[in-house]
1. Go over the candidates Lys142, Lys109, Lys114 one by one and state the one that is in contact with a Pro (Cβ under 6 Å, 6 or more places away or on another chain) and farther than 18 Å from Ile161 by Cα.
2. For residues that are of a type outside the set (S, T, N, Q) and without any contact (Cβ under 8 Å) to a residue 12 or more places away in the chain, scanning just region 97-108, find the one that is least open to solvent (accessible area, probe 1.4 Å).
3. Please specify each residue of region 124-158 satisfying the condition of being without any contact (Cβ under 8 Å) to a residue 24 or more places away in the chain and over 19 Å from Leu176 (Cα atoms).
4. Looking at region 205-213, can you tell me whether even one residue there is touching a residue at least 12 places away in the same chain (Cβ under 8 Å), within 22 Å of Val73 (Cα to Cα), assigned to a loop (DSSP other than H, G, I, E, B) and not aliphatic (A, V, I, L, M)?
5. Can you report the number of residues in region 14-43 which are more than 18 Å from Ala165 (Cβ to Cβ), out of contact with any strand residue (DSSP E or B) (no Cβ under 9 Å at 6 or more places or on another chain) and exposed (fewer than 12 other Cβ atoms within 10 Å of the Cβ)?
6. Name the single residue, out of those in region 109-137 being among the small types (Gly, Ala, Ser) and closer than 19 Å to Glu157 by Cα, that is most open to solvent (accessible area, probe 1.4 Å).
7. Looking only at region 49-78, count every residue that is open to solvent by 50 Å² or more (accessible area, probe 1.4 Å), in contact with a strand residue (DSSP E or B) (Cβ under 8 Å, 6 or more places away or on another chain) and in a loop (DSSP other than H, G, I, E, B) and tell me the total.
8. Select from region 158-202 the residues that are of a type in the set (Ser, Thr, Tyr) and under 10 Å from the mean Cα position of the chain (by Cα) and write down the one among them that is surrounded by the fewest Cβ atoms within 10 Å (Cβ to Cβ).
Amino acid sequence: MSETPYQIKDWEQAIKQIKSVVAARININNQGIIEEVHILAGAGRAPKQIVRDVESILAAQFDLQIDHKKISVAQVEEDEEGTSVVEVSARPKLVGVTLRTVNGMAEVKVELLKGDKLIEGLAEGPSSAHNKLRLFVEATLKALEPLTLGKLLFVTEDVGITQLAKQQIALVSITLIASTGEQSLTGCALVKNDDREAVVKATLDAVNRKLRFLSGN
């Protein structure tokens, strides 16, 4: 039996009551069976804990059994008041972004603050809408190059703005190339005022753990 949008909204609303969950979207098939549960959550809890809570609340409130493999959790960094002082101070902070376009070409500058040091990165390319977002990723990665100690190479794969529930989210896909091989990294950030700033924050979200490993923080 197929489910109505009203019932789906009830499920999503119940999931949003779980600690750290910001937004939830449920996709069903033609038979009304849940195919995908997409969760946007803060960084304060482990994804596995959130998945278990989703399974539990759907079973307890609606007698719905769902395979944990159908539940995906994307985490975004919390505001500074939601993170410890040590973690915040160890991470590069976004200071500003600049975009210039001349004759169909775009120049992007990203400025970051690492401790008390200002670092910046520049990237240039065609000024199409999608490529400009890509340039913000590349400029961010260039700004971070001094922090990689020559041990890591980050390559931009894709970037986009998508919607989850009523939230706009910047998503970034990056490949890490190191002596041990390649690794896919992804990052996301809520679009609050500026999608360009969200792309920079999503890029930082993707690579911050690798940078903390290098710095020992």
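1. Being in contact with a Pro (Cβ under 6 Å, 6 or more places away or on another chain) and farther than 18 Å from Ile161 by Cα holds for just one of Lys142, Lys109, Lys114, which is Lys114.
2. Out of the qualifying residues, it is Val102.
3. Glu124, Gly125, Pro126, Ser128, Ala129
4. No, region 205-213 contains no residue that is touching a residue at least 12 places away in the same chain (Cβ under 8 Å), within 22 Å of Val73 (Cα to Cα), assigned to a loop (DSSP other than H, G, I, E, B) and not aliphatic (A, V, I, L, M).
5. Count: 2.
6. Once the filter is applied, the top-ranked residue is Ala129.
7. 2
8. Checking each candidate, the answer is Thr186.
The values are calculated or read from the model by the stated rules, or taken from the named source; none is laboratory data. A quick note: this is a predicted structure, and the numbers were derived from the prediction, not measured. Every residue, glycine among them, receives a Cβ derived from its backbone with ideal geometry; neighbour counts consider all protein chains shown. SASA here: full protein model, heavy atoms, side chains in, ligands and nucleic acids out. Shrake-Rupley method; radii C 1.70, N 1.55, O 1.52, S 1.80 Å.
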